[in-house]
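> Dumping the structure here so I can ask a few things about it.
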Amino acid sequence: MASENKSSPSEVRVPNHVAFIPDGNRRWAKQNSLDVLKGHEAGIELIGEVLKWCKEKGIHNATFWGFSTENRGRTEDEVRGLMRLFETKLIDILQRANKEKSAGNESKYPKVRVKFYGMIDGLPKQLQDYIHRAEQQSAENEEYNVNFLLNYGGKLELVDCMRKIAEDYKSGKISEVNEEEIMKRLWTGEISPPDLIIRTSGEYRLSGLLPIQSAYSELFFVDKYWPDFTKEDFEAILSDYANRQRRFGK
């Protein structure tokens with residue numbers, strides 16, 4: 001529910017970082033009598049649109065959870081098909097970036113830095129290659145940051161972090177276990193805390209998304225499948241967010 005302390009039109013507060021849990025692609029496909037991969041394809045296409053909305057609103061950091069470690073339990077055909085969709089999208093992004101560079105049009109477009117987080121070495125080798133190329137080609141871009149969580153799970157991230165902490169403490173690499181040392185060893189340690197987290201599909205949970213960084217994020221749950229999420233939905237959420245009073249435990 002929105003706070004009573006409303007912002008004036010000239011002081012509308014825009015989040016710096018929005019994280020998305022784009023849930024419901026499979027159920028959307030079933031609802032529309034489509035193959036499950038058509039649902040994932042529609043979901044991936046919508047991510048591009050949502051990034052445009054973020055740029056229009058002056059949101060410079062966005063994170064999308066694309067594939068969780070738990071998703072590996074789905075059918076082999078679905079997982080393989082989803083990996084191919086990721087590859088196809090990355091190929092398209094890389095080709096368009098190279099085309100703009102060759103045409104000398106780079107300066108016309110926002111500079112977007114793309115990063116991927118999760119157990120990337122557990123993904124298909126060809127997909128890993130495209131991921132590394134996308135990161136390398138965009139590494140010097142600073143205007144916008146887009147993060148993708150692939151083969152990611154918050155619980156596994158914390159377990160891996162604690163294992164590294166224990167090993168480094170035992171070996172003398174660190175003398176004190178504190179927040180800074182923990183963040184250094186998280187897969188997503190360089191991702192800033194999201195101001196706002198949006199989950200679609202009517203599920204009311206974070207499922208382990210960025211378990212440390214999400215501590216004081218504002219949460220919004222949308223009763224629509226991800227492919228049905230609209231610009232109007234997004235703008236309504238931003239309006240509600242602008243009227244929330246964030247206390248950060250104070």
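The values are calculated or read from the model by the stated rules, or taken from the named source; none is laboratory data. As the structure is a prediction and not an experimental result, all values here were calculated from the model. Methodologically, a virtual Cβ is constructed for each residue, glycine included, from the backbone with ideal geometry; neighbour enumeration extends over all protein chains shown.
Rundown of residues vs (1) among the aromatic types (F, W, Y); (2) more than 23 Å from G48 (Cα to Cα); (3) at pLDDT 95 or above, yes/no style:
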residue: E157; (1), (2), (3): no, yes, yes
residue: P193; (1), (2), (3): no, no, yes
residue: T200; (1), (2), (3): no, no, yes
residue: L206; (1), (2), (3): no, no, yes
residue: L209; (1), (2), (3): no, no, yes
residue: S214; (1), (2), (3): no, yes, yes
residue: L219; (1), (2), (3): no, no, yes
residue: E235; (1), (2), (3): no, no, yes
residue: R247; (1), (2), (3): no, yes, no
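> Please go through segment 36-55 and give me each residue that is within 15 Å of R84 (Cα to Cα) and either at pLDDT below 95 or among the charged types (D, E, K, R) (or both), ordered by number.
Residues satisfying the conditions are K38, E41, E45.
> In segment 147-183, what residues are over 19 Å from L123 (Cα atoms) and in a loop (DSSP other than H, G, I, E, B)?
The answer is G172, K173, I174, S175, E176, V177, N178.
One line per residue, one yes/no per condition, for (1) more than 15 Å from the chain's Cα centre (by Cα); (2) among the small types (G, A, S); (3) over 15 Å from N25 (Cα atoms):
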{"site": "H40", "(1), (2), (3)": "yes, no, no"}
{"site": "I59", "(1), (2), (3)": "no, no, yes"}
{"site": "E76", "(1), (2), (3)": "yes, no, yes"}
{"site": "R84", "(1), (2), (3)": "yes, no, yes"}
{"site": "L90", "(1), (2), (3)": "yes, no, yes"}
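> Within segment 133-146, track down each residue that is in contact with a Phe, Trp or Tyr (Cβ under 9 Å, 6 or more places away or on another chain) and either assigned to a helix (DSSP H, G or I) or closer than 16 Å to E87 by Cα (or both).
A134, E135
Okay, residues lined up against (1) surrounded by fewer than 18 Cβ atoms within 10 Å (Cβ to Cβ); (2) of a type outside the set (A, V, I, L, M); (3) within 28 Å of M162 (Cβ to Cβ):
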position	(1), (2), (3)
T188	no, yes, yes
I197	no, no, yes
R205	yes, yes, yes
V222	no, no, no
F234	no, yes, no
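> Another one. Keeping to segment 195-208, report how many residues are in a loop (DSSP other than H, G, I, E, B) and of a type outside the set (G, A, S).
6
> So, one more: When the residues of segment 92-125 are filtered to those that are surrounded by 14 or more Cβ atoms within 10 Å (Cβ to Cβ), part of a helix (DSSP H, G or I) and not small (G, A, S), which remaining residue is modelled with the highest pLDDT?
I120
> While we're on this one: Consider only pairs whose beta carbons are under 7 Å apart and that are at least six residues apart or on different chains; among these, list those whose first residue lies in segment 152-168 and is farther than 14 Å from K184 by Cβ and whose second residue is at pLDDT below 95 and among the basic types (K, R).
Listed by first residue and then by second, the contacts come to nothing, as the list is empty.
> Can I ask one more? Give the residues of segment 28-44 that are among the charged types (D, E, K, R) and under 10 Å from P227 (Cβ atoms), sorted by residue number.
Scanning segment 28-44 gives K38, E41.
> Would you be able to tell me the number of residues in segment 15-35 that are part of a loop (DSSP other than H, G, I, E, B) and either modelled with pLDDT under 95 or of a type in the set (S, T, N, Q) (or both)?
3
> If we scan segment 171-184, do we find a residue that is surrounded by 14 or more Cβ atoms within 10 Å (Cβ to Cβ) and under 17 Å from the mean Cα position of the chain (by Cα)?
no
> Determine which single condition S192 fails, assuming it passes every other condition in (1) of a type in the set (G, A, S); (2) in contact (Cβ under 8 Å) with a residue 24 or more places away in the chain; (3) assigned to a helix (DSSP H, G or I).
(3)
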